[in-house]
Amino acid sequence: MNQSSYRVSDFRQTNGPSFRMVLDVGNWDYSVAVNTPGQSGNPSDPHYRDLAESWRDGTYFPLAYSREAVEEIAERRILLVPA
C-alpha cells in the first residue's frame, strides 16, 4: 500500500505512490482509492488539492463502479457534446 524508498543517511522519503486503490472483486462498489493531490487537473476547481490530506493520512474515498453507486455519490455531471 505505501511502498516507498528513503535515504539511509537521514531517512527522508525519496519516492512513493501517488495513487492507491483497494479493489473488492467480490463487490466492486466496496472498492476505495486515493489520489494526490486531488481529482482535478484544474487549479481553480475545488477538487484540485482536496485529497492531499487523505493521501497523507492513508484514508480513502469510495471507488464506485455500478451506475447506481456512481449516481449516489456524484456531485455533478459534465456532458460533452461534439461541435
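Worth pointing out:
- Viscosity 0.692 mPa s, 37 °C: Kirkwood-radius Stokes-Einstein D of region 18-73 over Cα pairs, µm²/s: 276
- A full extension of the chain between Tyr6 and Asp24 corresponds to an added length of 3.4 nm, given 0.36 nm per residue minus the alpha carbon distance.
- Normalised contact order of the chain, rounded percent, pairs of Cα under 8 Å and 6 or more residues apart: 21
- Ordering Tyr30, Thr14, Val70 by Cα displacement along the dipole of the chain toward the positive end leaves Thr14 in first place; charges were set at the Cβ atoms of Lys, Arg (+1) and Asp, Glu (-1).
- Candidates Tyr60, Gln3, Gln39 compared by Cα position along the dipole of the chain: farthest toward the positive end lies Gln3, with charges placed on Cβ.
- When the Gaussian network model of the chain links Cα atoms closer than 10 Å, the mean-square fluctuations of Arg49, Arg20, Arg12 top out at Arg12.
- Here the Gaussian network model covers the chain, with springs between Cα atoms less than 10 Å apart; of Val34, Val22, Val70, Val70 fluctuates the most.
- DSSP beta bridges confined to the chain are antiparallel in about 100 percent of cases.
A short reminder: the numbers here are calculations on the coordinates, not readings from a lab. If you're wondering where the values come from, they're calculated on a predicted model, not measured in any experiment. As a convention, Cβ positions derive from the backbone with ideal geometry for all residues, glycine included, and neighbour counts pool all protein chains shown.
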